[in-house]
Ligand code: ASP
């Protein structure tokens, strides 16, 4: 049995709804469907979720929001008319009233998936199950995964087929709570776990992951299989196809996730397993991902390694400023803290002064505009010379490596280079491992 989540672009207009119906029809195993709210129909278009947030904030500020709400109403009624599905005006009126009556941002935003689910269930002729009844949050807004699992199983198992809208649930008092943006992926994973699906299909507008960002390597190959650990490494570094938290429920239950393309439904996409065969693409590496906007703070002090608590004091300074750090490359007499520029913004001097106060270093230097690039692959553990190939590829481009971090997992090597060398470095790594 399959659970299928369809993202906003897969439900952006009536044509996309038709494609979704075709996909579901093609395989009777596709029994439980988790839709997002209609997304953008193209560049410059509006997402229903954004419009709902805009309505809510206008209403909360005492401004008129009806002209924004009309754009929402028009999108749904247009889709329903084209599909010849009855979409009662009361469904829209009810949402409009909730917003006028002071709905929270979460309640307002959740109505995008709610209406999308109602419409899709009618169009497919199957049961609608309100996520508020089966996805449970605690009163302080955290997902209660075990209660959710029990509620979902009990409600869905007896059903042949159902639509459960993504993105939201409710606490015990019935207050609507949403996941963070893109959270329908998490709802889909929870449903997949609860019904013990064979595969969690996540339908979007790309045919899965590519080995590198196609804006940098236009012909980057598709990744046919990934492991959940590799996915973590790649998405942490910026390969964003799936919501980060969508991994945990399915991984725990041993359910693979298949990223598929609604606009190219015959493409097999990327299959993500807990364990996968070694190198399906014939490569040592699985993918390369990275992003710009990091700073390295290097603290140097002779005999630092013999000074008890030195590292803790450096991190204390970072923590006191409320800054999250990314990596911690260390040498004998140096310790570096890599942080994102966003985190450090406005707090840089505070952090530096405090490190100085707490550790009395010989020098502190700050290197800005750094990019981090992760080369990820389960095959790297078994292959000799991967690091040598990687560093040679980078050095032959005349790029200087500012930091190196190979996690103990041995499935990724992270290098830091100047931002201006970011694209060049990714292309060089791709050429070395994939083209030769
Ligand atoms: N509609 C929500 C968003 O735009 C959730 C989702 O699509 O997954 O973030």
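Worth a mention:
- Hydrodynamic radius of the stretch 210-295 by the Kirkwood approach over all distinct alpha-carbon pairs: 13.7 Å.
- Over the residues of the chain, the helix contribution to mean residue ellipticity at 222 nm works out to -11500 deg cm²/dmol, using -39500 (n - 2.57) for each DSSP H run of at least 4.
- Three principal axis extents describe the C-alpha atoms of the chain; from largest down they are 74, 52, 41 Å.
- Sorted ascending by nearby beta carbons within 10 Å, beginning with the fewest, 36, 345, 427 become 345, 427, 36.
- Angle in degrees between helix 310-320 and the longest Cα principal axis of the chain, rounded to the nearest 10: 40
- Axis of helix 145-156 versus longest Cα principal axis of the chain: the two differ by about 30°, to the nearest ten degrees.
- Rg/Rg_globular for the stretch 192-231, with Rg_globular taken as 2.2 N^0.38 Å and Rg from C-alpha atoms: 1.47
- Largest mean-square fluctuation among 93, 185, 405, in a Gaussian network model of the chain whose springs join Cα atoms under 10 Å apart, belongs to 93.
- Most mobile of 177, 296, 332 in a GNM of the chain (Cα contacts under 10 Å): 332
- Pairs of Cα atoms nearer than 8 Å and 6+ residues apart set the relative contact order; for the chain it is 13 percent.
- Residues 187, 116 arranged by fewest to most Cβ contacts within 10 Å: 116, 187
- Across the alpha-carbon atoms of the stretch 347-436, the computed radius of gyration and Dmax are 16.3, 51 angstrom.
- In units of the rule-of-thumb radius 2.2 N^0.38 Å, the stretch 232-368 shows an alpha carbon radius of gyration of 1.44.
- FRET E, pair residue 173, residue 431, Förster distance 56 Å, beta-carbon r, rounded to 0.05: 0.50
- Residues 167, 433, 384, ranked from the fewest to the most other C-beta atoms within 10 Å, line up as 384, 433, 167.
- Spatial separation of Cα centroids for the stretch 372-431 and the stretch 233-302, in angstrom: 16
Where a number appears in this text, it was derived from the coordinates with a stated rule and is not lab data. All values reported here derive from a predicted model rather than from experimental measurement. With ideal geometry, Cβ positions are generated from the backbone for all residues, glycine too; neighbour counts draw on all protein chains shown.
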